[in-house]
Amino acid sequence: MRRRRPGPARPLWNPLGLHRPGTGPLHRAPAGAKLAALLVLGLVLVLHSGLVLPVVALGVVVAAAASARMPPRRTAHGLLPVLVTAALVGGYQWWARGWQVGAEVATELVTLVLAASVVTATTRADALLDLVARLARPLRHVGLRPEVVALSLGLMLRAVPVLLASSAEARDAARARGLERSPRAVLVPAAVRMVGHGYRTGEALAARGIVD
Amino acid sequence: MIELRDVQVTAWTPDPDGRERVVRLLGPVSLTLGEHRVAVVGANGSGKSTLARLLNGLVLPSAGTVTVDGLDTATRGADVRRRVGFVFTDPDAQVVMPTPLEDVALSLRRLGLDDAEREARARDALGRFGLGALADVPVAALSAGQRQLLAIAAVLATEPDVLVADEPTTLLDLGWRAHVDRLLASLPQQVVLVTHDLDAAVRAERLLVVDDGLVAYDGEPAPGIARYRDLVARRHEELLP
């Protein structure tokens, strides 16, 4: 059998946390409206039982992703871990509670993550920070600064690709040492890198005066 | 004007037997830095990064005072950081937003500008550093040199009076190193450059050689670099069996 030549290497891509500039209706919609819609979608999907609604919702979200001009192959590539998780969780639910529940759970998970990706793809992180800072204003009364709460959200979005890159580097390093079968050789360096990254990021934020 | 008066930085460190003791990382150091271009060289662990971090209040002195335009870093840290920008070796730790535009806009948030003005100023800052066309691409897609340029652009967007750069070219290839060096040399701000690049250090107006937590040389760059080479050679001989 002929082995397929590997294609060009794809960079790690995370659909969450990456804004794609555009001028469509979703890009022009206020960040608050998009987040509220995401919240409502989540609540409806969780509270409602049945397969029809999640399938319809998935169709609507896929159409929204297409209208936001999210690249289909790269989006699917970025969603691969979510698809695997959905397959595992859905498979378990199928075995435990029947195929309809399994399909419903898997569809809901994919729908919600894709919907969140559409929100971040069509909303600048800056606008999200403004919104979260406004929403977090009441937290001032318990000593939390809204700007810091908002920044934490931004850092969380940025941390996802960094976490993926750290894990890939740790995996490559373990492979280079012939330790690819050792979870410890991958997990420990990846965790250490992430803690180091967190420390350096905190220091850099302090240096930029962003949390003053 | 940056002034350090009898500054010492100490830290707790564990002994091999598990107990902790206080070690001196830097000092005592007294300096007045008014030159437009100051370079700081020294071996790894010599204390030069600690010295740099003192200048915008990232590290506070255990004894003595550090002031910038009369503002004490210990009591007026936020005001000092508005005056003193800081660029790190690794831009990945410094760049925290998904795209260059958003990262520069993050720096500008503290100026209280509205959205449109913030975006316009962020695009303008990126354009000045040749990153205008990359404003909306993922940061992960930029080269190491472009990410370092972005880190510098994000710091300079708020127009600080002083830029402290801690080994900003260490992770860059020869071409990007020359580009960043030229860029730093062209800035109107006072620049304090911590570096292992002796070609860049020799172009400064004043050179500080830091060795074992002390300023071993302070003066003209050329003789200072000769002194630094001697120091390195001596330390290397001490290390040899």
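The values are calculated or read from the model by the stated rules, or taken from the named source; none is laboratory data. Treat the numbers as computed from the prediction; the structure is a model and nothing was measured. Please note: Cβ atoms are built from the backbone with ideal geometry, for glycine as well, and neighbour counts cover all protein chains shown. In case anyone asks, the SASA skips ligands and DNA or RNA and just uses the protein heavy atoms, side chains included. Shrake-Rupley method; radii C 1.70, N 1.55, O 1.52, S 1.80 Å.
Brief remarks follow.
- Of the numbered criteria (1) without any contact (Cβ under 8 Å) to a residue 12 or more places away in the chain; (2) under 18 Å from the mean Cα position of the chain (by Cα), the one A:L47 fails is (2).
- Scanning region B:196-241 for residues that are assigned to a helix (DSSP H, G or I) and among the charged types (D, E, K, R) gives B:D199, B:R227, B:R229, B:D230, B:R234, B:R235, B:E237, B:E238.
- Only one of B:L149, B:L163 that is open to solvent by less than 10 Å² (accessible area, probe 1.4 Å), among the aliphatic types (A, V, I, L, M), under 18 Å from A:I210 (Cβ atoms) and within 17 Å of the chain's Cα centre (by Cα): B:L163
- Any chance B:G57 is small (G, A, S), more than 30 Å from A:T122 (Cβ to Cβ) and without any contact (Cβ under 8 Å) to a residue 24 or more places away in the chain: no
- Filter result (among the hydroxyl-bearing types (S, T, Y) and either open to solvent by 40 Å² or more (accessible area, probe 1.4 Å) or under 20 Å from B:A157 (Cβ atoms) (or both)) within region B:69-88: B:T75
- Verdict on A:V132 being closer than 29 Å to A:L45 by Cβ, more than 13 Å from chain B (Cβ to nearest Cβ), surrounded by 17 or more Cβ atoms within 10 Å (Cβ to Cβ) and not hydroxyl-bearing (S, T, Y): no
- Flag if A:A165 is within 24 Å of A:R200 (Cα to Cα) and in a helix (DSSP H, G or I): yes
- Residue check for B:R128: modelled with pLDDT under 90 and open to solvent by 40 Å² or more (accessible area, probe 1.4 Å): yes
- Pairs meeting the criteria (first residue in region A:163-183 and touching a residue at least 40 places away in the same chain (Cβ under 8 Å), second residue open to solvent by less than 90 Å² (accessible area, probe 1.4 Å), beta carbons under 8 Å, at least 6 apart or on different chains) are A:L164/A:N14; A:A165/B:A140.
For every residue, the table says whether it meets (1) farther than 30 Å from B:V59 by Cβ; (2) in contact with a helix residue (DSSP H, G or I) (Cβ under 9 Å, 6 or more places away or on another chain); (3) not charged (D, E, K, R).
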| residue | (1), (2), (3) |
| --- | --- |
| A:R158 | no, yes, no |
| A:V162 | no, yes, yes |
| A:R177 | yes, yes, no |
| A:V195 | no, no, yes |
| A:G198 | no, yes, yes |
| A:I210 | no, yes, yes |
